[in-house]
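Have a look at the structure below before the remarks.
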Amino acid sequence: MLRISPTPSSAGIITLVVEGRLLGPWVAELESAVTRTGFPVEQVRLNLCGVQFADATGIDLLQRLSRQGIHLEAISPFIQELLYSPAYRDADFTSPEIGEERNPIDRGENP
């Protein structure tokens, strides 16, 4: 389960406080919530203090959102390791043909 709580500020920035496990259908829900804010990406913040776990698809989404200009804040050490570890940084865990999650070990990579 994933809880996403929007918190607008007077400075024209919206923070989405994310809590729970970022995996499966919740990955698409977070992406949709970011889009629904209606704010330009540079005015969107994701507060990840409550994210307990993220699968490869969730990490991929966070990496993509960050590259698009969304600021990630309050990241737990566990999620931070997944986001910035050389084994996961800019990794492609989805198959473009079928959109299924793949394990880096299956591709002969060291996780």
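The values are calculated or read from the model by the stated rules, or taken from the named source; none is laboratory data. The structure presented is a predicted model; accordingly, all values stated were derived computationally and were not measured. Note: ideal-geometry Cβ built from the backbone for every residue, glycine included; neighbour counts use all protein chains shown.
For the stretch 35-64, the candidate set comprises residues that are under 17 Å from L2 (Cα atoms) and of a type in the set (G, A, S); within that set, the residue that is surrounded by the fewest Cβ atoms within 10 Å (Cβ to Cβ) is G50. Once the stretch 2-13 is narrowed to residues that are surrounded by 13 or more Cβ atoms within 10 Å (Cβ to Cβ) and hydrophobic (A, V, I, L, M, F, W, C), the residue that is nearest to I59 (Cα to Cα) is L2. Look at (1) over 30 Å from A11 (Cα atoms); (2) modelled with pLDDT of 95 or more; (3) not aromatic (F, W, Y) and you find that R21 fails only one, number (1). Checked against the criteria, L16 counts as of a type in the set (A, V, I, L, M, F, W, C), buried (at least 16 other Cβ atoms within 10 Å of the Cβ) and more than 11 Å from the chain's Cα centre (by Cα). Considering only residues in the stretch 65-90 that are at positive phi and at pLDDT 90 or above, the one that is surrounded by the fewest Cβ atoms within 10 Å (Cβ to Cβ) turns out to be G69.
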